[in-house]
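The block underneath contains the structure these notes are about, expressed in structure tokens.
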Amino acid sequence: MKILVAEDDDIFRSLIAAILSEAGYEVAAEPDGLRAWERLNGEGADLCVFDVDMPGMTGIELLKRLRSDARFCGLPVIMLTVKALVEDQLTGYKAGADEYIPKPIEAQMFLARVAALARKAGKGSL
Amino acid sequence: MDNIQVLMISRGIEPCRSWAAFLARRGWNVRICHSGGELRQAAGCGPLNLVLLDETLAGELPAGAAGKRGPTAAVILFSGTGTLPNKKIAEYLQGGFDDFVGSDIDPRILEAKLLVNLRWALPAAARTLEEVRSRSGRIRVNKSRRIVFLKKNGGCLEVPGLTRIQLEILALLVGREGAVVERRFIVETVWRDKEVNFQNVDKHVELLRARLGCFGRNIETVYGAGYRYRETK
């Protein structure tokens, strides 16, 4: 199962990629929304993990682009963010997020959320 | 909406009571169960269910129900007795439960999570929740896209750009077509915890009528009470 990660913070991006790789997922990681969009168009993905705040195209903008595209509107998406206010979360859910996880993340919990979402989306196997 | 039921069960009265009040105001069909037996009975027949279950009662669900479809669309656990360690929550999620929320979750976020779970389990049902329409189908209010569609002269007009307040008021009235919706109910549902006077509601309804053109006439003022959406033939 392939997971596309978009995160502008180098350390955090490496950390997420490492957590997911060690759990057996195939990971593609990009540092901004635009590159993530291009990667998705080129290679596709089974699940996405986007940071909300990124330069150029934000995670929310990227999510909205996905949801308005027939090819990707049904793709499971997890948003990661330091913005944990209720209004911020509601913005994420209204834009079409399936999960909204505040940073910092805890590996076991993060992987459990990824697995639960993959299962719901019918993409449960690694 | 009537064919989907939110079933809740916990050891204490809260948070189910306040969640149920909020969700019912938003148009959900909610039932609070008071025992494991009642939950099992309700979950096994009748409408499709979204179950909100106190994690201390996780064993009350029929064996293997978590993670399976059927009459239960999704099972969301909540912590009824304070904070749980992440390890325990992860175990629940890995064990097949669809989601886990804290008992202090904002009810708006809870509703968003219910919709997400419903979208995966029953996409068609989720779409109907996101869109409210009049019985004739002449007006459709799409809450997620924030657009109103009007059938007029054989065509379909879009009314984009309504404010959140206008959209929620309209969805409330159209969803209760023919019934009087009191101003107090509108304030509690649309503005939730904020103090808003009734003149404010009237002002938003006036603006809404103006945006809807001739369809605005379908929003009737019921003096001394509130408003009613009723289509003229």
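The values are calculated or read from the model by the stated rules, or taken from the named source; none is laboratory data. The model shown is predicted, which means the values in this text are computed figures rather than measured ones. Glycine gets a Cβ as well: all are built from the backbone with ideal geometry, and neighbour counts include every protein chain shown.
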- Has the range B:153-161 got at least one residue that is charged (D, E, K, R) and at pLDDT 90 or above? no
- State yes or no: is A:LEU111 within 8 Å of another protein chain (Cβ to nearest Cβ), surrounded by 19 or more Cβ atoms within 10 Å (Cβ to Cβ) and in contact (Cβ under 8 Å) with a residue 60 or more places away in the chain? yes
- Note on the structure: Output for Cβ contacts, cut-off 7 Å, separation at least six or different chains, first residue more than 21 Å from B:TRP120 (Cα to Cα) in the range B:80-106, second of a type in the set (D, E, K, R), reads B:GLY80/B:ARG11; B:GLY80/B:ASP54; B:GLY80/B:GLU55; B:LEU84/B:GLU55; B:ASN86/A:GLU106
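Out of curiosity, is B:ARG145 closer than 28 Å to B:TYR229 by Cα, more than 18 Å from the chain's Cα centre (by Cα) and more than 8 Å from chain A (Cβ to nearest Cβ)? Spell out how you get there, then give the answer.
Details: closer than 28 Å to B:TYR229 by Cα: yes; more than 18 Å from the chain's Cα centre (by Cα): no; more than 8 Å from chain A (Cβ to nearest Cβ): yes.
Spelling it out, it is not the case that B:ARG145 is closer than 28 Å to B:TYR229 by Cα, more than 18 Å from the chain's Cα centre (by Cα) and more than 8 Å from chain A (Cβ to nearest Cβ).
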- Message: Take the conditions of a type in the set (S, T, N, Q), within 11 Å of another protein chain (Cβ to nearest Cβ) and under 15 Å from the mean Cα position of the chain (by Cα) and apply them to A:GLN89. Does it pass?
- Response: yes
- Only one of (1) in contact (Cβ under 8 Å) with a residue 12 or more places away in the chain; (2) more than 9 Å from chain B (Cβ to nearest Cβ) is not met by A:PRO104, so which one is it? (1)
- Residue satisfying all of: in the range B:20-77; charged (D, E, K, R), closer than 22 Å to B:GLU91 by Cβ and crowded, with 17+ Cβ neighbours inside 10 Å; modelled with the lowest pLDDT among these: B:GLU60
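Taking strands (runs of 3 or more DSSP E) that fall entirely within the range B:119-233, which contain at least 2 residues that are out of contact with any helix residue (DSSP H, G or I) (no Cβ under 9 Å at 6 or more places or on another chain)?
Values: elements: B:131-133, B:139-142, B:147-152, B:155-160, B:219-222, B:226-229.
Once the strands (runs of 3 or more DSSP E) in the range B:119-233 are filtered for at least 2 residues that are out of contact with any helix residue (DSSP H, G or I) (no Cβ under 9 Å at 6 or more places or on another chain), what remains is B:147-152, B:155-160, B:219-222.
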